[in-house]
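The values are calculated or read from the model by the stated rules, or taken from the named source; none is laboratory data. Small disclaimer: the values here were computed from a predicted structure and weren't measured. Cβ placement follows ideal geometry from the backbone for every residue including glycine, while neighbour counts extend to all protein chains displayed.
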Amino acid sequence: MDLRFRDAEPADEERAAVDAVLGPPPSSWHGGRRTDEDLRFASGGHAARERRDLLLPALHAVNDRVGWISEGALDYICRRLTVPPAEAYGVATFYSLLSLKPRPARVLHVCTDLACHARGAEDVRRHVQERLGPPGTSWVAAPCLGLCERAPAALTLEAGAPPRATVHAPAEPAPGAPGGDQVLVAREEPAAEEAVPQAGDPGLVLLRRVGVVDPASLDAYRATGGYAALRRAFELGPLGTIREIEESGLVGRGGAAFPAGRKWAAVAAQPVRPHHLVCNADESEPGTFKDRVLMEGDPYALVEAMTIAAYATGCAKGHLYIRAEYPRATARLRHAIATARARGLLGEDILGHGFAFDIEIRRGAGAYICGEETAIFNSIEGYRGEPRSKPPFPVEKGLFGKPTLVNNVETLVNVPAILLGGGAAYARTGTKGSTGTKLFCVSGAVARPGVYELPFGATLRELLTLAGGTPAGLRAVLLGGAAGAFVGPGDLDIPLTFEGTRAAGATLGSGVVLALDAGADLARILLRIAEFFRDESCGQCVPCRVGTVRQEEALHRLGRAPRAEDLTLLREVGQAMRDASICGLGQTAWNAVESAIDRLGAFPLSVTTPTSPEPS
Amino acid sequence: MSVPLPPPRRLVELTVDGAPVRVPAGATILDACGGAGQDIPTLCYGDTLTPKNACRVCVVEVEGSRTLVPACSRKAEAGMVVGTSTERARHSRKIVLELLASSADLSATPGAAGWIEEYDARPARFGAQAATVEQPVKVDNDLYVRDYGKCILCYKCVDACGEQWQNTFAIGVAGRGFDATISTEYDAPLTDSACVYCGNCVEVCPTGALSFKSEFDMRAAGTWEESRQTRTTTICSYCGVGCNLTLHVQDNQIVKVTSPHDNPVTHGNLCIKGRFGYQHVQNVRPEPPARPAPEAPQDALASGSDVPRAASGSRSPGSAP
């Protein structure tokens, strides 16, 4: 690789931000000061290139400090990491939170996604536009910020040293003149347990500490049974631990519902070393915020669960990939990891058992697709967050090409509970096909939105009752988020299990339950879903890259005047996306719209137009 | 000299469209389909590149698989039952062709028109307002042209420029989704980029989005006629590697240089000299493409008289124009 740079110099501030992540430059070849030593300096090959995974952290560092990444800064990062500038540019332009054009240090992200839309996001957007002008630099319309229980939400990210993040949820217009400093009221962020109406309920398993135990105190965590599960794992040994997980019947909570025990066993059995653990905390499915509440309310539980998973599957290093829109969860986890490390619960010799493991936090940068289990590897490795084709599966070739265990936050947080009570006992909760309890993110037209924990098998009606009763004039419930499906008011007795929702033609997905009342503009919501997938498609495969655009165009037309041709077009393109896309994003992008047409009768054709080719 | 033989490969047997096919272990479904006489369209597949399986035009149905699988990259497995022309596979192929043809200009894509007809694809049904990747042609150097209005984002040029062949990394994929493009850093002109003008990206481009300036100009002038061209494979005389050059000659003029992909040493790759350094052979300054077409042969004859002069000139390398 013969790198060629254009002669752009980084500003001192940019250089300092990069050096804070990568350390001082070892030579003038890397952009440092020229010394005599440089005459006898050799750098190249694998040694020079093996730090590619620091590309995204370095880009973040500049973006966080200055607000955008100049050509000089990008060149400097490339020199330091031996990355071709064209590739680094491709990586940086992949992420919506990174800017390669000058912009103000402070950028307001106004959520316009489903849950916020149902709660007046349009008014917020109008207000912001009046004050700040058209979206682009000082404010942008953002995909779901994961603050759905306090919708409508907005987030101010301000570059600087240190960078600052302010959550506005619910977003309330601040009085003031156009162009003024304060656009939305800044308020103290409520405690995590405010999102958990059941907080303190002794029947809770996953949420039992949220609102009860100080999330910043390791002692408080240990005083409430924390790290007993890790000791139990050490007693059981790796194979025994995996056996418990298999017996528990735990399946992945990210949406695909793959048996966790089988995945663990497959990774543990791989002869290739090292093994990697990745915790997927890139919770980006619109309407989902359960992982944020878990990480903010009980961060040590995740740290302990990751340690157990690493012990069982033989991983020496864990990566916790968290979306950048979660500043508080990131801060709490950083603190939890640091204190656990200081107390010997992470590091070389955990609890004196000779087991070495550590966790590194990696922040996403605004890309829904990076929650896909292979896209997350590319993102961590410093490449564009594009999904890989499978096979090979992650258990065989994952992060850095090594066997990798990827689990979502909620899945992992089940692990301590399984080990403490035993897998068989865990499996007695819930149904045969879906064991244990599940977190549901209830938002939209309900009296008490928030995260609810219920044993699998409870019905949608029971869940809505907990959240303040079935709303009057309920039009529809979106299950599973933008990649999920709508059900109608007649479907409230669907059991909330993987098999029950599947039988009903829906999905549990990530646990989104978004209630829409009669006032909801269904056509607008469907259009928003299509826009979301168009924006978030990585662009790698044709069915998804162009198909999402064509579907959005058709939904625009349908919103004006339903025509049978457009419905046919939606179905045909949707079928190809489902059949031929590389990853789950394209394969599921059309699900929600399809279910709205089939079950809710969206876009009814008038009597004079030819009837839809599909049975209603 | 002895030629080391690779270890014998195990054969796997699978079924393609009902007929049993045996292929060596490690072969792809596409190889197996070729063996079974099935012609599956491909765009992002390159015979000298690792399959990216991005275009999805080669999808086939494999029994037991929830989704369709890309034939170009999925390895054939024993007992696999593959359907190349099932309704699902044909439907996806047709939609992919419609999506591509409605968003990019496929007029210079070999095979596209035939596939569109074969699969009854109707790209026009997305309406005149359908978003496209249409954009001005990038002409920023004398050797090749980038017409990204024809780009289907197959990643082949990026792979050829980067780690798979040239190791130059002058271009990458930038942006995301429908807005993704092939770009240098900050969309700088090629002349400011790391490009070494090997033209290996042009060699693999399946849609004519990348083309040699000579070909681009002649197409613009309407003088490009492939049927009148001869192809002569010879050996590059610039150095001792011995790369094969295929000279495309029209009217006694070299109009472009490619390289056979089955060359065991270079696999179709060349350097700037082999690819573009042929002017000394004909020693005519490129004329503006304003000549009326019928007179072209006479012109060629006239310029033919220059050839001896060029040959004598080529003995001293410094005299090349």
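Is it the case, given these coordinates, that B:ALA71 is touching a strand residue (DSSP E or B) at 6+ places or on another chain (Cβ under 9 Å) and exposed (fewer than 15 other Cβ atoms within 10 Å of the Cβ)? Taking the combined requirement at face value, the residue does not satisfy it.
The rows are residues; the columns are (1) crowded, with 20+ Cβ neighbours inside 10 Å; (2) within 14 Å of chain B (Cβ to nearest Cβ); (3) more than 29 Å from the chain's Cα centre (by Cα); (4) not aliphatic (A, V, I, L, M).
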residue: A:ASP7; (1), (2), (3), (4): no, yes, yes, yes
residue: A:HIS30; (1), (2), (3), (4): no, no, yes, yes
residue: A:ALA42; (1), (2), (3), (4): no, no, yes, no
residue: A:CYS78; (1), (2), (3), (4): yes, yes, no, yes
residue: A:ALA92; (1), (2), (3), (4): yes, yes, no, no
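Residue check: is B:GLY46 under 18 Å from B:ASP17 (Cβ atoms), away from every other protein chain (no Cβ under 13 Å) and not hydroxyl-bearing (Ser, Thr, Tyr)? Talk me through it step by step, then tell me what you get.
On the way: under 18 Å from B:ASP17 (Cβ atoms): no; away from every other protein chain (no Cβ under 13 Å): yes; not hydroxyl-bearing (Ser, Thr, Tyr): yes.
Answer is no for this residue.
Screening A:LEU466, A:LEU474 for residues that are more than 24 Å from the chain's Cα centre (by Cα) and either under 27 Å from A:ARG209 (Cβ atoms) or surrounded by 23 or more Cβ atoms within 10 Å (Cβ to Cβ) (or both) leaves exactly one candidate, A:LEU466.
If the condition is being assigned to a helix (DSSP H, G or I) and either charged (D, E, K, R) or farther than 17 Å from A:GLY347 by Cβ (or both), then region A:306-318 contributes A:ALA312, A:THR313. Could you please let me know if A:VAL83 is away from every other protein chain (no Cβ under 14 Å) and over 22 Å from B:ASP179 (Cα atoms)? Criteria not met by A:VAL83.
Which ones in region A:342-366 are part of a loop (DSSP other than H, G, I, E, B) and either out of contact with any Ser or Thr (no Cβ under 8 Å at 6 or more places or on another chain) or free of Cβ contacts under 8 Å to residues at least 40 places away in the same chain (or both)?
A:ARG343, A:GLY344, A:LEU351, A:GLY352, A:HIS353, A:GLY354
Residues in region A:221-238 that are more than 29 Å from the chain's Cα centre (by Cα) and farther than 12 Å from A:ILE308 by Cα: A:ALA223 only.
Against the test of being within 13 Å of chain B (Cβ to nearest Cβ) and either touching a Ser or Thr at 6+ places or on another chain (Cβ under 9 Å) or modelled with pLDDT of 95 or more (or both), the options A:ALA596, A:ALA580 yield a single qualifying residue, A:ALA580.
Residue pairs whose Cβ atoms lie under 7 Å apart, separated by 6 or more positions or on different chains, with the first residue in region B:115-127 and within 11 Å of another protein chain (Cβ to nearest Cβ) and assigned to a helix (DSSP H, G or I) and the second of a type outside the set (A, V, I, L, M, F, W, C) and buried (at least 16 other Cβ atoms within 10 Å of the Cβ), are B:PRO123/B:GLU98; B:PRO123/B:SER102; B:PHE126/A:ARG550; B:PHE126/A:GLU553; B:PHE126/B:SER102. Return yes or no: is A:ALA73 touching a residue at least 60 places away in the same chain (Cβ under 8 Å), crowded, with 23+ Cβ neighbours inside 10 Å, of a type in the set (A, V, I, L, M) and not assigned by TED's automatic domain parsing to the domain that holds A:CYS148? Against the criterion (touching a residue at least 60 places away in the same chain (Cβ under 8 Å), crowded, with 23+ Cβ neighbours inside 10 Å, of a type in the set (A, V, I, L, M) and not assigned by TED's automatic domain parsing to the domain that holds A:CYS148), A:ALA73 qualifies.
Yes or no, residue by residue, for (1) in a loop (DSSP other than H, G, I, E, B); (2) surrounded by 24 or more Cβ atoms within 10 Å (Cβ to Cβ); (3) polar (S, T, N, Q); (4) in contact (Cβ under 8 Å) with a residue 40 or more places away in the chain:
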| position | (1), (2), (3), (4) |
| --- | --- |
| A:GLU247 | no, no, no, yes |
| A:ARG262 | no, no, no, no |
| A:PRO271 | yes, no, no, no |
| A:HIS276 | no, yes, no, yes |
| A:CYS279 | no, yes, no, yes |
| A:GLU283 | yes, yes, no, yes |
| A:MET295 | no, yes, no, yes |
| A:LEU302 | no, yes, no, yes |
| A:ILE337 | no, no, no, no |
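Scanning region B:49-95 for residues that are away from every other protein chain (no Cβ under 11 Å), more than 26 Å from the chain's Cα centre (by Cα) and on the phi < 0 side of the Ramachandran plot turns up B:VAL62, B:GLU63, B:ALA78, B:MET80, B:VAL81, B:VAL82, B:GLY83.
Quick one: which residue in B:ARG66, B:ARG88 is farther than 18 Å from A:SER389 by Cα and either of a type in the set (Lys, Arg) or crowded, with 19+ Cβ neighbours inside 10 Å (or both)?
B:ARG88
With respect to the stated conditions, B:GLU225 is of a type outside the set (A, V, I, L, M), more than 9 Å from chain A (Cβ to nearest Cβ) and in contact (Cβ under 8 Å) with a residue 24 or more places away in the chain.
So, of the residues in region A:282-318 that are among the charged types (D, E, K, R) and under 17 Å from the mean Cα position of the chain (by Cα), which turns out to be nearest to A:ARG362 (Cα to Cα)?
Restricting to residues being among the charged types (D, E, K, R) and under 17 Å from the mean Cα position of the chain (by Cα), the top hit is A:ASP282.
Of the residues making up region B:134-147, just one is crowded, with 20+ Cβ neighbours inside 10 Å and within 14 Å of chain A (Cβ to nearest Cβ), namely B:ARG146.
Condition check for B:PRO20 on (1) surrounded by 13 or more Cβ atoms within 10 Å (Cβ to Cβ); (2) of a type outside the set (Ser, Thr, Tyr); (3) without any contact (Cβ under 8 Å) to a residue 12 or more places away in the chain: one failure, at (1). For region A:219-235, which positions are outside any helix (DSSP H, G or I) and more than 14 Å from A:ARG343 (Cβ to Cβ)? Across region A:219-235, the qualifying residues are A:THR224, A:GLY225. Considering region B:1-99, the qualifying strands (runs of 3 or more DSSP E), each wholly inside and each with 1 or more residues that are farther than 29 Å from A:THR568 by Cα, run over B:11-16, B:19-24, B:81-83.
The test for being crowded, with 19+ Cβ neighbours inside 10 Å, away from chain A (no Cβ under 14 Å) and either over 16 Å from the mean Cα position of the chain (by Cα) or closer than 23 Å to B:VAL57 by Cβ (or both) does not hold for B:ASP159. Report yes if A:ARG528 is within 18 Å of A:PRO286 (Cα to Cα) and of a type in the set (Lys, Arg), otherwise no. Answer is yes for this residue. Every condition in (1) closer than 30 Å to B:GLN279 by Cα; (2) surrounded by 20 or more Cβ atoms within 10 Å (Cβ to Cβ); (3) facing chain A (nearest Cβ under 9 Å) is met by B:SER103 except one, and the failing one is (1).
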